[in-house]
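Accompanying notes for the structure given below.
The values are calculated or read from the model by the stated rules, or taken from the named source; none is laboratory data. Just so it is clear, the model here is predicted, and its values are computed rather than measured. In this analysis, Cβ positions are derived from the backbone assuming ideal geometry, glycine residues included, and neighbour counts consider all displayed protein chains.
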């Protein structure tokens, strides 16, 4: 929750870019700085923590943390030089204690590798790490098993579905959705069931041939003729185009990152989406959902550990913090009144 979405969207885009970069090692990721005189040339640091079995495939997942710091340098003429990596590390926590698997510093410093990587400090593959490339991704390219499995984990599990495209939100176009539904009877039944659960008065959904190609149309209770998708409400159209991304994450056991999903959806529909990920029956693979919203009505349906506040200070800088970090906030308290009272922060300043 927050008064301005730009910082929030930048945070979500950074998460998506990290996942894509790790799965495509030679891909360049655009990481814009915060454009103030004090911070324009400051480094940008990322830290990603989770659980995975890339160290011992098939065994119990272990907690890990991936750290990356990107350095900016200014040329004599005031322009920006290419980005450089000045810190990168992969660590895990056996028995709760931090242990390095891999760590590199700025250009010219030594590289540390643990025995799990199967490399020595003088291995030629370490010499091929370029200063503007991820070392983990580079080692994955030359078939170092741990690095390859870690990159595959990020590719397959970190971001399996996202509606973020550059500075905008994205959903599949109508023809793509129709082709997907036509190719899978299971997908069509699932989407139809979700729409019916949304209490839209829709009895069923069908794909029909018409002028210009195939169309989606819906039969409503009380109507004598079906309604094509283009004449449905904006909320229904939004839901139809959003559901493929949600099903992708649920089916692939990944992370769905959905930005600004509340513009056209009723809060009850948003709650239904949250319920899909919370339900063990509907989410047996334990996919996760990271969603941004300005709809404060969701707050009373969430635990404090599930809520993160995004707010800007007077300089325009954005900070993100968890509701669980707000001092004195109990777990059994209603979050919506606390937010309206200013206890959680993130309130817009009007007037």
Filtering region 64-108 down to residues that are surrounded by fewer than 17 Cβ atoms within 10 Å (Cβ to Cβ), at negative phi, in contact with a strand residue (DSSP E or B) (Cβ under 9 Å, 6 or more places away or on another chain) and not in a strand (DSSP E or B) yields 73, 81, 93, 94, 98, 105, 106, 107
Which ones in region 253-270 are more than 14 Å from the chain's Cα centre (by Cα) and surrounded by 15 or more Cβ atoms within 10 Å (Cβ to Cβ)?
262, 264, 265, 266, 269, 270
Of everything in region 334-344, what is in contact (Cβ under 8 Å) with a residue 12 or more places away in the chain, surrounded by fewer than 16 Cβ atoms within 10 Å (Cβ to Cβ) and assigned to a loop (DSSP other than H, G, I, E, B)? Give them in sequence order.
334
Residues that are assigned to a helix (DSSP H, G or I) and in contact with a helix residue (DSSP H, G or I) (Cβ under 7 Å, 6 or more places away or on another chain), drawn from region 116-151:
116, 117, 125, 136, 137, 139, 140, 146, 147, 148, 150, 151
If you check residue 47 against the conditions, is it loosely packed, with under 15 Cβ neighbours inside 10 Å, closer than 29 Å to residue 313 by Cα and at pLDDT below 50?
no
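With respect to residue 274, is the statement that it is on the phi < 0 side of the Ramachandran plot, outside the structural domain of residue 50 (by TED's automatic domain parsing) and more than 23 Å from the chain's Cα centre (by Cα) true? Outline the logic, then answer.
Working: on the phi < 0 side of the Ramachandran plot: yes; outside the structural domain of residue 50 (by TED's automatic domain parsing): yes; more than 23 Å from the chain's Cα centre (by Cα): no.
No: the conditions fail for residue 274.
Would you mind stating whether residue 59 is in a loop (DSSP other than H, G, I, E, B), in the same structural domain as residue 33 (by TED's automatic domain parsing) and within 26 Å of the chain's Cα centre (by Cα)?
When the stated conditions are applied, residue 59 passes them.
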Across region 320-332, the tally of residues that are in contact (Cβ under 8 Å) with a residue 12 or more places away in the chain and surrounded by fewer than 18 Cβ atoms within 10 Å (Cβ to Cβ) stands at 7
Are there strands (runs of 3 or more DSSP E) fully within region 155-273 with at least 2 residues that are free of Cβ contacts under 8 Å to residues at least 40 places away in the same chain and in contact with a helix residue (DSSP H, G or I) (Cβ under 9 Å, 6 or more places away or on another chain)? List them.
202-210, 213-220
